[in-house]
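Computed from the coordinates by the stated procedures, all read-outs in this text should not be read as laboratory data. These numbers were taken from a predicted model, which means no experiment stands behind them. Methodologically, a virtual Cβ is constructed for each residue, glycine included, from the backbone with ideal geometry; neighbour enumeration extends over all protein chains shown.
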Amino acid sequence: LDQPLCARAAVVFLWTAVFGRAEWKYRDRAYRYIYLDAGHMAAHVSLAAVAQGLGSCPLAAFYDDEANALLGVDGVSEGVIYMTAVGRPSRPFPARERDSQLTARPKE
């Protein structure tokens, strides 16, 4: 897919799942939990990136076979399920007054 952000990103995280590890426990709900967990991981990466002044972009649209081949996984028992690109934004984030209000200070 035409996603130039990946080529310009400092790092691209690719998450894989070993499907059998979830299927034995969660049966029909395994895939639901796998993708929920992937979304949670991507959200944490995005929050950490913003805290460091970086940008991030979750990517669920990619060519499965190419991504799996890149990591050497078969796409059947283990496959890439999600990606997140992280890097410096082309424009800095605007400073916000509320950022200073988020800092915890002891009461005097």
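In a DSSP loop and with at most 14 other Cβ atoms within 10 Å, the chymotrypsin sites (Phe, Trp or Tyr not before Pro) in segment 33-68 are 63. Sequentially through segment 37-46, phi angles give Karplus couplings (6.51, -1.76, 1.60; θ = phi - 60°) of 4, 4, x, 5, 4, 5, 5, 5, 4, 4 Hz, Gly and Pro residues having no value and appearing as x.
Between residue 21 and residue 63, the FRET efficiency from the beta-carbon distance, with R0 = 25 Å, is close to 0.55.
Rank these for me by crowding, 6, 57, going from fewest to most other beta carbons within 10 Å.
Going from sparsest to densest Cβ surroundings: 6, 57.
Taking Lys and Arg as +1 and Asp and Glu as -1, the other residues whose beta-carbon sits under 11 Å from that of residue 19 total -2. With contacts taken as Cα pairs under 8 Å and at least 6 residues apart, segment 4-101 reaches a relative contact order of 42 percent. Exposure proxy shown here: for 78, 66, 23, the number of other Cβ atoms within 10 Å sets the order, fewest to most, as 66, 23, 78. Residues whose amide H lies under 5 Å from that of residue 81, counting only those 5 or more places away or on a different chain, are 15, 16, 17; hydrogens are built 1.01 Å from N in the peptide plane.
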